[in-house]
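Notes follow once the structure below has been shown.
The values are calculated or read from the model by the stated rules, or taken from the named source; none is laboratory data. These figures come from a predicted structure and were not determined experimentally. Please note: Cβ atoms are built from the backbone with ideal geometry, for glycine as well, and neighbour counts cover all protein chains shown. We work out accessible area using only protein heavy atoms, side chains counted, and drop any ligands, DNA or RNA first. Shrake-Rupley method; radii C 1.70, N 1.55, O 1.52, S 1.80 Å.
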Amino acid sequence: TKESSEIEFKSAAGGFPRSFWETYSSFANTYGGTILLGVAEDLKQPEFNKRFQITGVDNPQKLITDFWNTINSNKVNENILSDSDIDIIDIENKKVICINIPQADWRIKPIFLNENVYKGTYKRNNEGDYHCTERQVRAMIRDSFEDGNDGILLEHYNMEDIDLNSLHRYRNLFQVWN
């Protein structure tokens, strides 16, 4: 298998990887995904099927404890995980930590790092974690309002303000979908 928009491999050879948190934010802000700790990627390896190696983690319980201590600190603005989202699995007689990150509920997005919504918010594209633009962050914040933006009553408007051609096209599309 390979990295994608919904799977990420991290070595964790030197302890809990710092780059984990960008991936946590990006998965939570996009479609969710799985991070496997204890799988190393050798980008210099020309043969794709040899690019990933199961390295395992030395002390999985310590890494998991470090993880919970960090996620429940001010590292991220919101912990969206529970105990059932983390597993220790055996692959080739090595321990690998599997962390399933769901997509965050729209009411709590964006999920961001280091108490900085504009510099610490990420989204996932293909196999990479990318900083969100200020516009993308503002859109997530706007969309998180419980009341929404389309439920507001607009005063001083009437049917003369409606483009009838657009209304007819909308009604036709709606009829086709139902």
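Going by amide H atoms built from the backbone, whose H comes under 5 Å of the H on Y122, apart from near neighbours? Under 5 Å from the amide H of Y122: S26, C132. Considering the dipole of segment 1-105 built from charges on the beta carbon (Lys and Arg +1, Asp and Glu -1) around the Cα centre, which of N77, S11, A104 is farthest to its positive end? Result: S11, furthest along the dipole toward the positive end. With all protein chains kept in place, the per residue accessible area of segment 1-88 amounts to 53 square angstrom at a probe of 1.4 angstrom. The smallest convex shape that holds all Cα atoms of the chain, its convex hull, gives 192 Å³ per residue. Return the whole-Å distance between the Cα centroid of segment 82-152 and the Cα centroid of segment 1-55. Cα centroid of segment 82-152 versus Cα centroid of segment 1-55: 16 Å apart.
As a check on your grasp of the helix formula, calculate [θ] at 222 nm for the chain: sum -39500 (n - 2.57) over DSSP H runs of n ≥ 4, divide by the residue count, round to the nearest 500. Mean residue ellipticity, 222 nm, calculated: -8000 deg cm²/dmol. Mean sequence separation of contacting Cα pairs (under 8 Å, at least six apart), scaled by the length of segment 51-132, corresponds to a relative contact order of 26 percent. For the residues K119, K50, a 1.4 Å probe over the protein chains yields an accessible-area ranking, largest first, of K119, K50. Within the straight-line cut-off of under 26 Å between alpha carbons, the lysines reachable from K109 are K10, K75, K119, K123, sequence neighbours fewer than 8 places apart in one chain being disregarded. The relative contact order of segment 22-166, computed from alpha carbon pairs under 8 Å that lie at least 6 residues apart in sequence, is 28 percent. With all protein chains in place and ligands, DNA and RNA left out, the 1.4 Å accessible area ranks W21, W68, W106 as W106, W68, W21, largest first. Which percent of the accessible heavy-atom area of the chain goes to carbon and sulfur, probe 1.4 angstrom? Carbon with sulfur: 48 percent of the solvent-accessible area.
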